[in-house]
1. Write out, first by first residue and then by second, each pair whose Cβ atoms fall under 8 Å of each other, whose residues are 6+ apart or on separate chains, and whose first residue, in segment 82-105, is of a type in the set (Lys, Arg) while the second is open to solvent by less than 40 Å² (accessible area, probe 1.4 Å) and in a strand (DSSP E or B).
2. Condition (residue is surrounded by 14 or more Cβ atoms within 10 Å (Cβ to Cβ), at pLDDT 90 or above and within 30 Å of THR235 (Cα to Cα)) applied to segment 153-173: is it met by at least one residue?
3. Please find, within segment 118-129, the residue that is modelled with the highest pLDDT out of those that are surrounded by fewer than 22 Cβ atoms within 10 Å (Cβ to Cβ) and closer than 25 Å to VAL69 by Cβ.
4. Go through segment 69-80 residue by residue and tally those that are of a type in the set (Val, Ile, Thr) and touching a residue at least 24 places away in the same chain (Cβ under 8 Å).
5. Of all residues being in contact with a strand residue (DSSP E or B) (Cβ under 8 Å, 6 or more places away or on another chain) and assigned to a loop (DSSP other than H, G, I, E, B) in segment 65-90, which is farthest from GLY121 (Cα to Cα)? Just the residue, please.
6. Count, please, the residues in segment 150-201 that happen to be part of a loop (DSSP other than H, G, I, E, B), hydroxyl-bearing (Ser, Thr, Tyr) and more than 15 Å from ARG223 (Cβ to Cβ).
7. Residues in segment 130-141 that are open to solvent by 40 Å² or more (accessible area, probe 1.4 Å) and part of a loop (DSSP other than H, G, I, E, B): how many?
8. When you look at VAL62, is it part of a helix (DSSP H, G or I), touching a residue at least 24 places away in the same chain (Cβ under 8 Å) and surrounded by 11 or more Cβ atoms within 10 Å (Cβ to Cβ), yes or no?
Amino acid sequence: CAEQFLDKNDDRPFFLYLPHTLVHTAMGPGTTPLEPKPELLAKYESKAGTELHRNPAYAAMVEALDQAVGRTVEALRNRGILANTFVIFASDNGAALGSRRVTKSGVAVGQNTSNFPLREGKLQLYEGGIRIPTSISYGNIIRKDAVSDAVISQLDLLPTILELAEHPQASEIMESLDGESLVPLLSDAHSNWPLRDLFWHFPGYRIRDFRTMAGQRPESAMRRGNWKLIESLETGDVQLYDLATDIGESNDVSAAHPEVVANLRKRLQSWRDETDAPMPERKRTDQR
């Protein structure tokens, strides 16, 4: 469909949003609507698994996604427009782990895959759930070997597109947006990037095991610099992590940095107030 869209475009400026169903849980024939291609499944079934990754169906779907993205890029190249096309490749969240298991090395991973060294995965506010890779290309305008460790958000994509497209009202529109244009980073991956607050909010429940009630419970999280705060919306308990030294969020340092906790909690509450963020409510019982 993407290639058909490009064929009908008649050399006009275009925007193509291409959300692939892949990669999603692959549990084998008959158990999910998504089943890997037989030839790719056979390829990975013939390979030995590792401690972290040993699901051939999932691996087959990862390669199928790679092939699909490659076909789109090749279609742009064959039509002579790749060098003048701004291409963004990103995920919406970390991988869904599935049922948990512990490796011989003591690492908790999932039956589907692993986000190691990040903690947890999809639907969680730990880094395994919210930190995603992003790859951007734009002909020779962006160096192909450039790598940036700047902390960005998908909120930054719209301002970036507006600026690169030279939209006549770009500046006016960007004033009302939360994101920042990535153009300075695209020009120089090591350019200064503003320190800012990023927020995540999950006011509901996503339980994966009703026997233990394990899964995502109501929480908010925020990041400022390398500090990451997670606050329970049920109990008010907080966790604090220094991502510069603890990317796996294994060492809660909230007790050692009460001033940081207080500052981040204040910022987080202000954001919830400003956005009128929905909050969980206690179940009411009849008073009869």
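1. Between residues of segment 82-105 that are of a type in the set (Lys, Arg) and residues that are open to solvent by less than 40 Å² (accessible area, probe 1.4 Å) and in a strand (DSSP E or B), the close pairs are ARG100/VAL109; ARG100/GLY110; ARG101/VAL109; ARG101/GLY110.
2. Looking for residues that are surrounded by 14 or more Cβ atoms within 10 Å (Cβ to Cβ), at pLDDT 90 or above and within 30 Å of THR235 (Cα to Cα), one finds at least one in segment 153-173, hence yes.
3. LEU118
4. 2
5. Per the criteria, the residue is THR85.
6. Residues that pass the stated criteria total 3.
7. The total comes to 4.
8. So VAL62 fits the description; yes.
The values are calculated or read from the model by the stated rules, or taken from the named source; none is laboratory data. These numbers were taken from a predicted model, which means no experiment stands behind them. All Cβ positions, even for glycine, are placed from backbone atoms using ideal geometry, and neighbour counts span all protein chains on display. Calculation scope for accessible area: heavy atoms of the full protein, side chains included, ligands and nucleic acids excluded. Shrake-Rupley method; radii C 1.70, N 1.55, O 1.52, S 1.80 Å.
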